Structure formats: structure tokens, C-alpha cells
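**Q** Would you mind keeping the following structure in view while I ask a few things?
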Amino acid sequence: MLQVHQFPCLADNYGFLIHDPESGAVATIDTPDADEILRQAAAKGWRITDIWNTHWHPDHAGGNAAIKAATGAVVTGPAEVERIGAAPDRVVVEGDVAALGALQARVLDVGGHTLGHIAYVFDQARVAFVGDAIFALGCGRLFEGTPQQMWASLTKIAALPDDATLYCAHEYTQSNARFALSVDAENAALQARAREIDAARAAGKPTVPMTLAQEKATNPFLRAPLLKGALGMAGATDWEAFGELRRRKDVFR
Ligand code: ZN
Ligand code: FE
């Protein structure tokens, strides 16, 4: 059975160590902060065997070299990780499988935030590590990709089972909620969730992970097709409505 250890690091990132107790294999999902990740693994009594990167950004792959040097971990990731240092030991693309002992994760291409961004989906456990592709009530900025590409990526994530657990890489939820309410004010599920988020953060609790069902009901980016009217874009395609939401979020204060 897949075990997930989640902990905050850097300013607003989450670290995730995943463990297969059967084989003892341990992967760190991304490497935001090598020292903290090594500390957390030691505290759990886990030996890191693998690094699984979602994309090349420094707060996701910047600790690869240090963790590899300390543990000998094998780096799996998209080819773009080469941009911040060494190429991954194993480059993966959509449809490939990453193995943690006997546990298998399917690689999804979720490009848009960066061109090569990937997610890792454990179909059996119904768990996905989505990096900066989708956030609780948000999605990644389009630094490299197009709205059309990102919409296709979000559509893939939305096709996972409703009860899938999504682990995203940042605690951005409270500010995402403010934007969501600005474009989807009448959504009662969103209003209720925003209150829960405020309570969780006031108590110092994380709002990550989330379920796909929650996101489908409240994440304005997944709800782009339903928000066309509110955006004044009745005749637009889904990805155009998504693109408009993303543009508005980029300048939202
Ligand atoms: Zn990023
Ligand atoms: Fe990030």
C-alpha cells in the first residue's frame, strides 16, 4: 500500500515522500529543498531510492544533485529537467510507467505551466502527484505553454476518478479562493469550501491534498465551460474560456 508523507518546505511548497513498505522503495516527488527532504526521510527511517520530477523549475528539481549525491537516488523525470543541471537518469513521457517497488504510477503529459510538465498517477491507489499543473482552486501559470495545451492537460486530470486524491506542490489555496469567488460568486459549494479553507489555514493546517470531485465542483479553471456566460463568452470554445480565466487570474489583486 502506498504511503505518502507530506511536509511544508521553502515559502509555500510541499514536499512529498512516497514509500512502498513491501520493497522499502522511497521516492521524493520533486526536490524543492534537499536538506529538508533528507531530514524528513531520516525522521521516518526511510532511505530515498528515487527522485521523481514533475518539471524543471528550481523549486521542483533544484535539489536533485544534492539528494542524488547523498543517497544515490535514481532520477526519473521529463527531459526538460536537464535545463537546471543533469538530465534525468530515466526520461519519461506520457504512457510510461514509473515503479516504486511493485507499485506503478502512470505518467501523464500535463504541459502548459512548462512545456514538459508531467504528473504521476497511481491508478490503483487513486492518487496523483500533479506538481504545478493544477492547484486547489487554481492551476499553474502558463509560463511556456498555450491555453489550448493547458486546457488539454486539465481535461486529462479531470478524467481521473472523482475520488482521486490530488497532491499539488504549493499552498496557494487561500488566494486562489479569492479569485475563484470573484468569477464564480454564486457557487454555493465554492462559498462553503472557501470558509473551510480559511478555517484550516487559521488552524495552521494544509489544504492539500484535495479530491478531484472537490475541484470539479469549485475550481474555476475546471469549470471554465460553465463560466462562459459569466465571462461574456457564450460562443467561445472551452479552451478560450479557460484562457480568459487564466489571463484574469494573472492580473488579479
Ligand atoms: Zn513550477
Ligand atoms: Fe512550483
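The values are calculated or read from the model by the stated rules, or taken from the named source; none is laboratory data. The structure displayed is predicted, hence computed values, not measured ones. A quick note on method: Cβ atoms are made from the backbone with ideal geometry, for glycine too, and the neighbour counts reach across all protein chains shown. Accessible surface is based on the protein model in full, side chains and every heavy atom, while ligands, DNA and RNA are left aside. Shrake-Rupley method; radii C 1.70, N 1.55, O 1.52, S 1.80 Å.
**Q** Name every residue in the range 158-174 that is in a helix (DSSP H, G or I) and surrounded by fewer than 23 Cβ atoms within 10 Å (Cβ to Cβ), in order of residue number. Quick ask: steps written out before the conclusion?
**A** From the range 158-174, those in a helix (DSSP H, G or I) are 158, 173-174; that's our starting set.
Matches in the range 158-174: A158, Q174.
**Q** Could you grab me the full set of residues in the range 131-156 that are outside any loop (DSSP other than H, G, I, E, B), buried (at least 23 other Cβ atoms within 10 Å of the Cβ) and of a type outside the set (G, A, S)?
**A** Step one: filter the range 131-156 for residues outside any loop (DSSP other than H, G, I, E, B), giving 131, 134-135, 138-139, 147-156.
Applying the additional criterion that residues be buried (at least 23 other Cβ atoms within 10 Å of the Cβ) yields 131, 134-135, 138-139, 150-151, 153-154.
Matches in the range 131-156: I134, F135, C139, M150, W151, L154.
**Q** So, in the range 65-99, of the ones that are under 19 Å from C168 (Cα atoms) and open to solvent by less than 50 Å² (accessible area, probe 1.4 Å), which residue ends up farthest from ligand 1 (Cβ to nearest atom)?
**A** Filtering the range 65-99 for residues under 19 Å from C168 (Cα atoms) gives 76-78, 81, 94, 98.
Checking the rest, the ones that are also open to solvent by less than 50 Å² (accessible area, probe 1.4 Å) come to 76-78, 81, 98.
Values: T76: 18, G77: 13, P78: 12, V81: 12, A98: 19 Å.
Of everything passing the filter in the range 65-99, A98 is farthest from ligand 1 (Cβ to nearest atom).
**Q** So, W52, is that one open to solvent by less than 60 Å² (accessible area, probe 1.4 Å), at pLDDT 95 or above and more than 17 Å from A99 (Cα to Cα) or not? I'd like the intermediate steps shown before the answer.
**A** Values: open to solvent by less than 60 Å² (accessible area, probe 1.4 Å): yes; at pLDDT 95 or above: yes; more than 17 Å from A99 (Cα to Cα): no.
Answer is no for this residue.
**Q** Please determine, by comparing only the residues of the range 210-253 that are in contact (Cβ under 8 Å) with a residue 40 or more places away in the chain and farther than 23 Å from R193 by Cβ, which one is least open to solvent (accessible area, probe 1.4 Å).
**A** Within the range 210-253, the match that is least open to solvent (accessible area, probe 1.4 Å) is G243.
**Q** Just give me the residues in the range 55-64 being open to solvent by less than 40 Å² (accessible area, probe 1.4 Å) and either over 15 Å from F7 (Cα atoms) or more than 21 Å from the chain's Cα centre (by Cα) (or both), in sequence order.
**A** Of everything in the range 55-64, those that are open to solvent by less than 40 Å² (accessible area, probe 1.4 Å) and either over 15 Å from F7 (Cα atoms) or more than 21 Å from the chain's Cα centre (by Cα) (or both) turn out to be H55, H57, A61, G63, N64.
**Q** Could you grab me the full set of residues in the range 36-63 that are part of a helix (DSSP H, G or I) and either under 20 Å from V110 (Cβ atoms) or aliphatic (A, V, I, L, M) (or both)? Quick ask: steps written out before the conclusion?
**A** Here is the first cut: in the range 36-63, the residues part of a helix (DSSP H, G or I) are 36-44, 58-61.
Selection gives I37, L38, A41, A42, A43, P58, D59, H60, A61.
**Q** Inspect all residues belonging to the range 21-34 and state whether any of them is at positive phi and more than 16 Å from ligand 1 (Cβ to nearest atom).
**A** Step one: filter the range 21-34 for residues at positive phi, giving 24, 30.
Next, from what is left, pick out any that are more than 16 Å from ligand 1 (Cβ to nearest atom): 24.
The answer is yes, given that some residue of the range 21-34 is at positive phi and more than 16 Å from ligand 1 (Cβ to nearest atom).
**Q** Looking at the range 177-199, is at least one residue touching a strand residue (DSSP E or B) at 6+ places or on another chain (Cβ under 9 Å), within 16 Å of ligand 1 (Cβ to nearest atom), open to solvent by less than 70 Å² (accessible area, probe 1.4 Å) and at pLDDT 95 or above?
**A** no
**Q** Given the criteria within 16 Å of ligand 1 (Cβ to nearest atom), assigned to a helix (DSSP H, G or I) and under 28 Å from D59 (Cα atoms), does K249 qualify?
**A** Numbers: within 16 Å of ligand 1 (Cβ to nearest atom): yes; assigned to a helix (DSSP H, G or I): yes; under 28 Å from D59 (Cα atoms): yes.
For K249, the condition - within 16 Å of ligand 1 (Cβ to nearest atom), assigned to a helix (DSSP H, G or I) and under 28 Å from D59 (Cα atoms) - is met.
**Q** Take the range 10-35 and flag every residue that is assigned to a loop (DSSP other than H, G, I, E, B) and open to solvent by less than 10 Å² (accessible area, probe 1.4 Å). Let's see the steps before the verdict.
**A** Our first condition is that a residue be assigned to a loop (DSSP other than H, G, I, E, B); within the range 10-35, this holds for 10-12, 21-24, 30-33.
The answer is D30, T31.
**Q** Let me ask something else. Just to be sure, is P206 touching a Phe, Trp or Tyr at 6+ places or on another chain (Cβ under 8 Å), under 20 Å from F16 (Cβ atoms) and in a loop (DSSP other than H, G, I, E, B)?
**A** Yes, satisfied.
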